[in-house]
Amino acid sequence: MQRSKIKEILTQKKPDDEVLVQGWVKTRRSSKSVTFVQITDGSTLQDLQIVVDETNPGHDAAATLTTGCSVSVQGVLVESPGQGQKFEIQANTLTVLGESDPDSYPLQKKRHSPEFLREIAHLRPRTNTFGAMARVRNSLAYAIHTFFQERGFQFIQTPIITASDAEGAGSMFQVTTLNLNDVPKDNGAVKHEDDFFGRPTFLTVSGQLEAEIFAMALSDVYTFGPTFRAENSNTSRHLAEFWMVEPEVAFCQLDGLSELAEDFLKRLCSHVLANCLEDMEFFNKWYDNSTISTLDSIANSQFERLTYTEAVDLLKKSSQTFEYPVDWGIDLQSEHERYLTETMIQRPVIVTDYPKDIKAFYMRLNDDGETVRAMDVLVPRIGEIIGGSQREERREILEGRMNESGISHDEYSWYLDLRSYGTVPHSGFGLGFERTVQFITGVSNIRDVIPFPRTPKSAEF
Ligand code: 4AD
Ligand code: MG
C-alpha cells in the first residue's frame, strides 16, 4: 500500500478509507483499554491521531511509544470526535520503525527557547515553528520562480566562486587550497599563482555583475542563490551566508525597477496568505499578532516613494533622537530606516537617489553629479529588504567612478565591454531571502529562518 501524507489525508480522503501513514510521535496517552498517539510527518502543521485499542496486536508496542519514535501505521479513517481534528485513524497495524530514548531526546512538549533550538539544529525541523518556517520558505521559493517565469524572465545560475568583489565592500571569504601553515611566498608576498585557480578567488557576495552579462543578451533575467559576506555584524538581520534573488532588467530605468520591486513584494505576501494560511496563523498566534494583518495591508498598499534627500529631511524634522545623528551624506542606519517605514510612513518605502559616496561604483550617476540612481526598499520590522539601482551604462562615466573607487579597469574589462558593445539602460535589485522570510513570518531573529545559520564564530552542522 502506498504511503499517504497527513496533508493529503486531511484534504483528500474520506471516512472509511484505508490508509498507510508514517511519521514521528509527538505525544502518547494510554489508558487500560486504548492508546492515543499523535503523529506528524511535516507535510502540514497538523498532527494526526492514531487510536490503538487493546485488542490490537500492536497495542503493547503503542503503549510504550515516546516522543520522537518513528512509526508506520495502517488503518481506517474515522471522523474524529475530538475537537479541532477532522479524522483519526483506527489502527489495524502499528509498527515501530525507530525508537527514541525519552531520557535523552531533547524535544519536550513544552516551548523551547530559540537559542536552545539553534544548538539542536538537527532536531529543530521537528518543532512546529521550524516545520512551519520550512514550508513557508519552500512556498516563497516557488512564488519567486513563478513570479519571474510568468513575466518571461530567464533563470540564470551565476558562479559561487568568483574573482570580483561586486559590491566593492571588501567583506569577502577567500577560497584557497594553499597550505595555510606554509603559504608559498615570493619576497614576502603570497604566490597566488600556486593557488588552485592561479589567482585570488572568493565566495560571491552577489551574482549581479554576471547577471548583467546575461541581461545584455537575454533582456530579462534573474538569479536565486546563496551569497556570502564576511561582515562581522552580529545582528538579528545579518548572516554570513544568505540567499538572494537578483533580477536584472534591460531597457529599464529606475522607475520601472521600483514598480517591479513593489509588484514582487506584494505578490510574495499574497502568495503566502493564499498558500500557507495555516502556518501563517501559527506565526500570527505565537510570534507576532500583527503578522497577517501586515501582509494583508502590504498586498493592498501603495508603497511610498522618497528620495534620500527627502528622507533625510523628514528624519531631521522628526522629534526622534537617534543613536547615529542624521545628516545629508550619512548611510541610513537600520534605526533610521525602521523609524521611516514603521513610525513615519507606516508602510513600505522606496528610497532613491542616494549620495554616490555611500553606494557601489556601478550605480548610474545623476545629473547633479552627487547622487546615484540607487533604490532601497524599506519595510516595517526589518528595514532594508531590497537594495538595487539603475546601472551606469555610459562607459566614460563608469570608468570615472571606477577610478574614484580604486577599481582596476583591467580586472573589470569584461564589465566595461558591455558598455562598448550595444550598451542599454538597465536596472536590477537584490532581495534578501531570509529577511523576506523574517518579514513574512514575524520571527525576530534571522538565525531562526534558515536551516543552518552561519554567523561570526558559528558554523555548526
Ligand atoms: O543591498 P545589497 O548589498 O545589494 C546587492 O548585493 C546588489 N548587488 C543587488 C543587486 O542590485 N542585484 O544586498 C541586497 C539585499 C539587502 O537588501 C538585504 O535584504 C540582503 O540582500 N542582505 C543580507 N541579508 C542577510 N544577511 C546579510 N549579511 C545581508 N546583506 C544583504
Ligand atoms: Mg544594500
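Could you calculate the FRET efficiency of D53 with S334 from 1/(1 + (r/R0)^6), where r is the beta carbon distance between them and R0 is 60 Å, rounded to 0.05? The partial results should precede the final answer.
Values: r = 58 Å, r/R0 = 0.96.
That pair, D53 with S334, gives E of 0.55.
Against the longest principal axis of the chain, how steep is helix 208-218, in degrees 0 to 90 to the nearest 10, with axes from Cα atoms? Value to nearest ten degrees: 90.
Which whole-number percent is the relative contact order of the chain (Cα, under 8 Å, 6+ apart)? Provide the component values of the computation, followed by the final result.
Numbers: 841 pairs, mean separation 57.6, N = 461.
Dividing the mean separation by the residue count of the chain yields 12 percent.
Seen against the Cα atoms of the chain and their longest principal axis, helix 128-150 is set at about 50 degrees. Axis angle, to the nearest 10 degrees, between helix 308-317 and the longest C-alpha principal axis of the chain: 70 degrees. Placing pseudo-labels 7 Å out from each Cα toward the beta carbon at D182 and N92 gives an inter-label distance of 6.8 nm.
Adding -39500 (n - 2.57) for every DSSP H run of four residues or longer, then dividing by how many residues the chain holds, sets the calculated 222 nm ellipticity at -8500 deg cm²/dmol.
What ranking, highest mean first, results for peptides 381-393, 215-227, 277-289 when packing means the other Cβ atoms within 10 Å averaged over each residue? Walk me through the numbers on the way to the answer.
Values: 381-393: 23.3, 215-227: 20.1, 277-289: 16.2.
Final packing ranking: 381-393, 215-227, 277-289.
The residues packed around T294, meaning those with a beta-carbon under 9 Å from its beta-carbon, carry a net charge of -1 if Lys and Arg are +1 and Asp and Glu are -1. Of all lysines in the structure, those lying under 24 Å Cα to Cα from K32, and not within fewer than 8 positions of it along the same chain, are K109. Backbone N atoms of the range 250-272 closer than 16 Å to the 7 Å Cα→Cβ label point of Q12 are not found in any residue.
Computed from the C-beta positions of S30 and N445, the FRET efficiency with R₀ = 41 Å rounds to 0.60.
Grab the beta carbon distance between E370 and K109, set R0 = 56 Å, and tell me the FRET efficiency rounded to 0.05.
Numbers: r = 60 Å, r/R0 = 1.07.
The value I calculate is 0.40.
Going by a ≥ b ≥ c, the root eigenvalues of the Cα gyration tensor, does the range 139-259 fall in the rounded group (a/c under 1.5), the prolate group (a/b larger than b/c) or the oblate group? Because a/c hits 1.5 or more and a/b exceeds b/c, the range 139-259 counts as prolate.
When a/c is below 1.5 the answer is rounded, else prolate if a/b is larger than b/c, else oblate, so apply that to the range 1-97 with a ≥ b ≥ c taken from the square roots of the Cα gyration tensor eigenvalues. Rounded, because the longest to shortest axis ratio a/c is under 1.5.
Summing Lys and Arg as +1 and Asp and Glu as -1 over all other residues whose Cβ lies under 9 Å from the Cβ of R381 gives a net charge of -1.
According to the square roots a ≥ b ≥ c of the eigenvalues of the Cα gyration tensor, what is the shape class of the range 225-310, taking rounded for a/c under 1.5, prolate for a/b larger than b/c otherwise, and oblate for the remainder? Intermediate values should be presented prior to the final figure.
Working: a/c = 1.72, a/b = 1.16, b/c = 1.48.
Oblate.
In this simple spin-label approximation, W414 and R395 carry label points 7 Å from Cα along the Cα→Cβ vector, and these lie 1.8 nm apart. All other residues whose Cβ lies under 11 angstrom from that of N234 are scored, Lys and Arg at +1 and Asp and Glu at -1, for a net of +2.
Coordinate-derived values only; no laboratory data. The structure presented is a predicted model; accordingly, all values stated were derived computationally and were not measured. For neighbour counting, all protein chains shown are included, and Cβ atoms are generated from backbone atoms with ideal geometry for every residue, glycine included.
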